[in-house]
Amino acid sequence: MKLTLKIWRQKSQQQAGELKTYTLNDLNSHMSFLEMLDILNEQLLLANEDPVTFDHDCREGICGQCGMMINGIAHGPLKNTTTCQLHIRSFSDNDTIIIEPFRAGAFPIRKDLSVDRSALDRVISSGGYISTNTGQAPDAHAIPITHQTTEAAFDAAACIGCGACVATCKNGSAALFTSAKVGHLSLLPQGKEERAERVINMVNAMDEEGFGHCTNTEACEVECPQGISVLQIARMNYEFIRAKIFEKEK
Amino acid sequence: MLTTLSRKMIMALTGAFLCLFLTIHFLGNLQLFMAPENARIQFNAYSHFLSNNPLIKLVSYVLYLSIIVHLIDSILITIKNKKAGTTYQQDRRKRASKWYSRNMGILGTIILIFLVIHFKNFWYVYKFGHAPLDSNGQKDLYEIVVTTFQEWWYVVIYVISMIALCYHLIHGIYSAARTFGLYHPKYVRWVKYIGITFSVVVCTGFALMPIYIFFTS
Ligand code: HEM
Ligand code: FES
């Protein structure tokens, strides 16, 4: 396969960037998208050029590192797939592919396709946990919980924090990400105890990072590699209202 | 500072109140579809009753306030979202959402322009202008309505505005239910269908009023 890549090259956050064109020949169509970028980088290194910086870690669709805009869509054209799980057979021979970093007001670009998504980490550290020592795994039947509830909590917990929702949202809102964590923990018995403080702290943290308002366009759900439901956002609103009404004075 | 969620809550509460008002306004205006002579007497009596009822007066102040708060809040939200959002060299994000959900500000601006025209046409003339009197000695708002809609371009403006309002409401009602925290999939679906039905019925009905008057008088 032959592919023409137009890749966003930017030396640092301060410098301006631009799209640069590269051509790759003789690619194996079963190659993953990141393997294709590896091949490009090999060639750039051999030519004494600066390789393209991009984030990746697990390459099996669970760490959420590999976010990038491929032809104007987060993680590329395949639904419910991360970039690392995308293969170049999803494109045709002689295609031109435009690759840009995830962008948002709260996501400064570090270099090329690598983006600083630590804003999401700070939202998590404001409340995305339970304050108990976990110790050893408890007996499975020690805390009663129904199958439906665990499944619902797990649907929310499936978020891998890649930031595709933010990059896709026209408002640069992190509502889907934040609500997934709020929804996940507020459903579980251990998480329920702190649900009021959690939602308020996480919403405040989300706002401090400069993420926008959710206007329910639902684009985030469509492009989410994990298919997190926008109803999590409604649940976050519910949790937030509930917390505001029943909030105890500290 | 209000949180992003609270700002949307204000948007949704004022929007919901406007919808409530719209329903009453719509039901009242259905009288315009009656035979002209009955319509004149009954519509004028109804208008007279509304403008002299203290409870309705109170509601109308809440209404003016709602419009202003909804407007200011929409500007704040849109500015913030423009700053937090971004653009791409190649941008195909549009595939994932409906055009009217992305353009609530523009639809709202059309509605705002319409409101100015609409207030000038009827509200201002009725309150501060020199309205003619009908055979019962009441201000003849019906006459003003009929005269206004003799102009084809007023009819066009009203119809276009009702289309904008319809799309604004289809997304608005759906979005407001989310903002109010309705997360149960079954009820979310119901709200969606109820919202679409409400928006289409009310806006089509309103749009038919100028058309009906234009062709019958
Ligand atoms: C003065 C002109 C208006 C402007 C500039 C305006 C603007 C907006 C904007 C920007 C939004 C937020 C969009 C979003 O969340 O996606 C909104 C929401 C809404 N608007 Fe309006 N609007 C106007 C008039 C109206 C009217 C007349 C009604 C009802 C009859 C209405 C009902 C609603 C509702 C129900 C919402 C949903 C609130 C939510 O998203 O939670 N608006 N409007
Ligand atoms: S590299 Fe881990 S999800 Fe793609």
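Numerical summary
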quantity	calculated
Which numbered condition A:GLY163 fails, given (1) on the phi > 0 side of the Ramachandran plot; (2) open to solvent by 70 Å² or more (accessible area, probe 1.4 Å)	(2)
Extreme residue, farthest from B:ILE24 (Cα to Cα), among residues of the range B:175-197 that are open to solvent by less than 50 Å² (accessible area, probe 1.4 Å) and in contact (Cβ under 8 Å) with a residue 24 or more places away in the chain	B:THR179
Helices (runs of 4 or more DSSP H) lying entirely in the range A:146-250 (those with 2 or more residues that are within 14 Å of chain B (Cβ to nearest Cβ) and under 16 Å from the mean Cα position of the chain (by Cα))	A:147-157, A:164-168, A:175-187, A:219-223, A:231-246
Any hit, the range A:168-186, residues being among the aliphatic types (A, V, I, L, M) and over 21 Å from A:PHE102 (Cβ atoms)	yes
Any hit, the range B:79-98, residues being part of a helix (DSSP H, G or I) and among the hydroxyl-bearing types (Ser, Thr, Tyr)	no
The range B:56-88, residues that are surrounded by 15 or more Cβ atoms within 10 Å (Cβ to Cβ), over 11 Å from B:MET11 (Cβ atoms) and within 14 Å of another protein chain (Cβ to nearest Cβ)	B:LYS80, B:ASN81, B:LYS82, B:ALA84, B:GLY85, B:THR86, B:TYR88
Qualifying residue in the range A:12-23 (condition: open to solvent by less than 40 Å² (accessible area, probe 1.4 Å), in contact with a helix residue (DSSP H, G or I) (Cβ under 7 Å, 6 or more places away or on another chain) and assigned by TED's automatic domain parsing to the domain that holds A:HIS87)	yes
In the range A:43-66, residue surrounded by the most Cβ atoms within 10 Å (Cβ to Cβ) [restricted to those that are near ligand 2 (Cβ under 6 Å from one of its atoms) and among the small types (Gly, Ala, Ser)]	A:GLY64
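Each row is one residue, and each column tells you yes or no for (1) without any contact (Cβ under 8 Å) to a residue 60 or more places away in the chain; (2) open to solvent by 60 Å² or more (accessible area, probe 1.4 Å); (3) more than 25 Å from A:VAL203 (Cα to Cα).
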{"residue": "A:MET69", "(1), (2), (3)": "no, no, yes"}
{"residue": "A:THR81", "(1), (2), (3)": "no, no, yes"}
{"residue": "A:ASP93", "(1), (2), (3)": "no, yes, yes"}
{"residue": "A:ILE99", "(1), (2), (3)": "no, no, yes"}
{"residue": "A:GLY128", "(1), (2), (3)": "no, no, no"}
{"residue": "A:HIS141", "(1), (2), (3)": "yes, yes, yes"}
{"residue": "A:HIS147", "(1), (2), (3)": "yes, yes, yes"}
{"residue": "A:THR150", "(1), (2), (3)": "yes, no, no"}
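The values are calculated or read from the model by the stated rules, or taken from the named source; none is laboratory data. Computed from a predicted model, the values in this text were never measured in an experiment. Counting neighbours? That spans all protein chains shown, and the Cβs are built from the backbone with ideal geometry, glycine included. Surface areas here come from the heavy atoms of the whole protein model, side chains and all, with no ligands, DNA or RNA. Shrake-Rupley method; radii C 1.70, N 1.55, O 1.52, S 1.80 Å.
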